[in-house]
Amino acid sequence: MKIAVIGTGNIGGTLGSKWRAAGYDVVYGGRSAGGEGPGGAPIEAVSEAVRAADVVLFAVPGAVVADVAAALGAGLAGKVVIDAANRFGQAEFNSHAAIATAAPDARYVRAFNTLGWENYAEPPRGASLFFVADADARATAEELISAIGLEPAYVGDADARGTVDALLPLWIAMVTQQGGDRKVAFAVVR
């Protein structure tokens, strides 16, 4: 599986590094090609990184996802597209509408947006990651969540993205109540 990570910051860099260490073929999409990104994965122009990818992770500021998705357009068709960006201050945190408009045939996943990057770098034992996914993207999402050391917790298809997004304010409140300790995660207990 080839994964194009759009964004080399805390979220993109951490996930890309973890997936690369787990044996996935990772490439970062950047403004310009050349050099290495986090974990030693190559940096290519965004369009080139996406062209050859099976999975595309959006880990850029939420305010730019629509523009990046529009520029990629048909290049996202048929690919699993993971929306990890949060559009703070907007009616919805997710970018589902922008991604669906740019690439109606993309297989949407909403994940990696409700916990701080620290929980991806060093997952707390027994922690879960809640996610939504189109039916034909669910298995891929579960595999990639498991690969970083979290337990996948499927909430439903893309229509349930608001349920996952509702966990973000809860996580922020928990961090605040813990004195700013961002190593707070959720778990499903059976």
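Read the figures in this text as sums done on the coordinates, not as results from a lab. Please read these numbers as outputs of a predicted model, since none were measured by experiment. Cβ: placed from backbone, ideal geometry, glycine included. Neighbour counts: every protein chain shown.
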- Message: So if I take the centroid of the Cα atoms in the stretch 79-103 and the same for the stretch 1-64, what is the distance between those two points in Å?
- Response: 17 Å
- Candidate lysines for bridging to Lys183, where Cα separation is under 18 Å - those fewer than 8 sequence places away on the same chain excluded: Lys18
- Starting with the fewest neighbours, write out Val188, Val155, Val55 ranked by other beta-carbon atoms found within 10 Å of each beta-carbon. Val188, Val155, Val55
- Debye, to nearest 20: dipole size of the chain, +1 on Lys, Arg Cβ, -1 on Asp, Glu Cβ: 280 debye
- Note on the structure: Over the chain, the sum of -39500 (n - 2.57) across DSSP H runs of at least four, divided by residue number and rounded to 500 deg cm²/dmol, gives at 222 nm -9000 deg cm²/dmol
- Taking Cα atoms, the helix 138-147 axis meets the longest principal axis of the chain at an angle in degrees (rounded to 10) of 70 degrees
- Note on the structure: Applied in sequence order to the stretch 60-76, the curve 6.51 cos²θ - 1.76 cosθ + 1.60 (Karplus, θ = phi - 60°) yields integer Hz couplings, x standing for Gly and Pro, of 10, x, x, 5, 9, 4, 4, 5, 5, 4, 4, 5, 7, x, 4, x, 8
- Message: Show me the three semi-axes of the equivalent ellipsoid for the chain, from the C-alpha gyration tensor (sqrt of 5 times each eigenvalue), largest first, rounded to whole Å.
- Response: 24, 19, 16
- For Asp25, enumerate residues with amide H under 5 Å from its amide H, sequence gap 5+ or separate chain, H modeled in the peptide plane. Ile3
- ³J(HN,Hα) computed for each position of the stretch 154-170 - Karplus, 6.51 cos²θ - 1.76 cosθ + 1.60, integer Hz, glycine/proline x: 6, 9, x, 6, 4, 5, 8, 4, x, 5, 5, 4, 5, 6, 4, x, 5
- Task: Apply the Debye scattering formula to the stretch 89-190, with a single equal point scatterer on each alpha-carbon and no solvent, then give log10 I(q)/I(0) at q = 0.14, 0.17, 0.18 Å⁻¹.
- Result: -0.54, -0.79, -0.87
- Message: So if I place +1 on the C-beta of Lys and Arg and -1 on the C-beta of Asp and Glu, and nothing else carries charge, what would the dipole magnitude of the stretch 110-190 be about its Cα centre? I want it in debye, nearest 20.
- Response: 300 debye
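Any chance you could run the full-extension gain for Arg182 through Ala33? It's 0.36 nm times the residue separation minus the Cα-Cα distance, nm to one decimal.
Contour length minus Cα-Cα distance gives 50.4 nm.
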- Take Lys18, Lys183 and order them by how many other Cβ atoms sit within 10 Å, fewest up front. Lys183, Lys18
- Sorted on mean Cβ neighbours within 10 Å (highest first), peptides 62-75, 137-150 come out as 137-150, 62-75
- Query: Which whole number of Å³ per residue matches the convex hull of the alpha-carbon atoms in the stretch 28-107?
  - Reply: 85 Å³
- Derived scalar couplings ³J(HN,Hα) [the stretch 2-16; Karplus, 6.51 cos²θ - 1.76 cosθ + 1.60; whole Hz; x for Gly, Pro]: 9, 10, 9, 9, 9, x, 10, x, 4, 6, x, x, 5, 5, x
